[in-house]
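Everything below concerns the one structure shown next.
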Amino acid sequence: MRVVVEPWRVFLTGGTGLLGSHIAQHLREDGHEVVALHRPGSDTSFLRGLGCTLSEGDLGDDPDRLASRIEGCLWAVHAAARVYGGSSWSEVEEVNVGGTRNTLEASARAGVSHVVHISSVAVYGQAAGPLDGTTPLDGTVGPDHLYGRSKRLAETAAAEFHESGRVEVTVVRPSVVYGERDRLFGPNLARLLRLPVVPVMGPGDNTVPVVYAGNVAAGVVGALDGRGSGDVFNLAVDHPLTQRGLLEGLARGLGRSPTLVSLPAVFVRMGGRLADGAGLIVPGMRRMSGGRAANLVLGENPYPSQRARDCLGWRPPVRHETALLRTGQWLLHQEAT
């Protein structure tokens, strides 16, 4: 049950994306006004249906021009980012680092009280868990991990703005996000689940670093009032989810029932190392090596999120059984239209 609060006017970047659309939905359901920045030509139909105020522009716009779009907003959420897709470092840096600095600069000029910056657990690099907002960012981020590198630099910018007193900033770090309007992780997994036999990496009882977008949105909105100002929080464990539970849950939503066959963990790790040695990459994830993928699917979720529960009052409202069913049904609907 949500607490009813005075309506806010919130500026949002990335509203046409997976997480941004869920943040917009959560804010609108709570009665808040959302001013959503969107690029020319982007699909704004979902945001329009929510009743958001649409503002056409770009993260690279002149800060004064961008600030004019933010005027009158009490809070801001910066959710826009370039993730994967074969982009060069200059392209990723321009959006994830330059776009973050520009958004923070414009927010400061517009008099925004508080910004929530959406980062990622990718900033931890190859450090061993458990990892949370108190963990020093000294783990190696490989040169091929463009997203993780850019998100670290974006967090540096956020800290600079906060520490200078120009605008208060809270940073949140989701893990792998899925949900309705997912065009990356969910569709790739759905293609796998259409096979008659689907491999499970190891026994499949390990908890995976996967979180539902609607639950992350609840955490982001909970951070807007500034309770976590200047701090960093994982939003990476909404409810425990095993690898096998992820596969079975999404398959159910897709109306599929493939046979799940466990592959011994030793062979999975060996395959990852062989793929790396051959210069191969994970299909659909052009910047993810086989070794990194093997570690991701075999290990336990190393990103505890208790601090978000304690400090932000994060209470993820949707269980994975429901979220995976919704996601699978949404993917089916997209295929049919």
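The values are calculated or read from the model by the stated rules, or taken from the named source; none is laboratory data. On a predicted model such as this, the values are computed, not experimentally measured, just so you know. Positions of Cβ are generated from backbone atoms using ideal geometry, with glycine treated the same way; all protein chains shown enter the neighbour counts.
Numbers below:
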{"item": "Residue within region 86-105 that is more than 19 Å from the chain's Cα centre (by Cα), surrounded by 14 or more Cβ atoms within 10 Å (Cβ to Cβ), within 15 Å of Thr16 (Cβ to Cβ) and without any contact (Cβ under 8 Å) to a residue 60 or more places away in the chain present", "result": "no"}
{"item": "Any hit, region 38-57, residues being of a type in the set (Val, Ile, Thr) and within 18 Å of Ala158 (Cβ to Cβ)", "result": "no"}
{"item": "Condition check for Thr134: of a type in the set (S, T, N, Q), out of contact with any Lys or Arg (no Cβ under 7 Å at 6 or more places or on another chain) and not in a helix (DSSP H, G or I)", "result": "yes"}
{"item": "Answer from Val112, Val167, Val141 - the residue that is modelled with pLDDT under 95, hydrophobic (A, V, I, L, M, F, W, C) and buried (at least 17 other Cβ atoms within 10 Å of the Cβ)", "result": "Val141"}
{"item": "Given (1) under 20 Å from Gly165 (Cα atoms); (2) within 20 Å of the chain's Cα centre (by Cα), number of the condition Ser21 does not satisfy", "result": "(1)"}
{"item": "Which listed residue is on the phi > 0 side of the Ramachandran plot and modelled with pLDDT under 75, from Gly279, Gly291, Gly272, Gly255", "result": "Gly279"}
{"item": "Test: residue in region 149-160 that is in contact with a helix residue (DSSP H, G or I) (Cβ under 8 Å, 6 or more places away or on another chain), closer than 22 Å to Val237 by Cα and not acidic (Asp, Glu)", "result": "yes"}
{"item": "Any hit, region 25-46, residues being in contact (Cβ under 8 Å) with a residue 40 or more places away in the chain and charged (D, E, K, R)", "result": "yes"}
{"item": "Criterion: more than 30 Å from Thr140 (Cα to Cα), exposed (fewer than 15 other Cβ atoms within 10 Å of the Cβ), more than 20 Å from the chain's Cα centre (by Cα) and not aromatic (Phe, Trp, Tyr) - qualifying residue of Pro40, Pro63", "result": "Pro40"}
{"item": "Any hit, region 186-199, residues being under 23 Å from Val268 (Cα atoms), in contact with a Lys or Arg (Cβ under 6 Å, 6 or more places away or on another chain) and of a type in the set (A, V, I, L, M)", "result": "yes"}
{"item": "Test: Arg48 is in contact with a Leu (Cβ under 7 Å, 6 or more places away or on another chain), among the basic types (Lys, Arg) and under 27 Å from Gln334 (Cβ atoms)", "result": "yes"}
{"item": "Of the criteria (1) modelled with pLDDT of 95 or more; (2) surrounded by 15 or more Cβ atoms within 10 Å (Cβ to Cβ), which one Met285 fails", "result": "(1)"}
{"item": "Near pairs, Cβ below 7 angstrom, 6+ apart or cross-chain, from region 322-337 (free of Cβ contacts under 8 Å to residues at least 24 places away in the same chain and at positive phi) to any residue that is of a type in the set (Gly, Ala, Ser) and assigned to a helix (DSSP H, G or I)", "result": "none"}
{"item": "Some residue of region 47-54 being of a type outside the set (A, V, I, L, M), touching a residue at least 60 places away in the same chain (Cβ under 8 Å) and surrounded by 16 or more Cβ atoms within 10 Å (Cβ to Cβ)", "result": "no"}
{"item": "Filter result (surrounded by fewer than 24 Cβ atoms within 10 Å (Cβ to Cβ), out of contact with any Pro (no Cβ under 9 Å at 6 or more places or on another chain) and not polar (S, T, N, Q)) within region 223-240", "result": "Asp225, Gly226, Arg227, Gly230, Asp231, Val232, Pro240"}
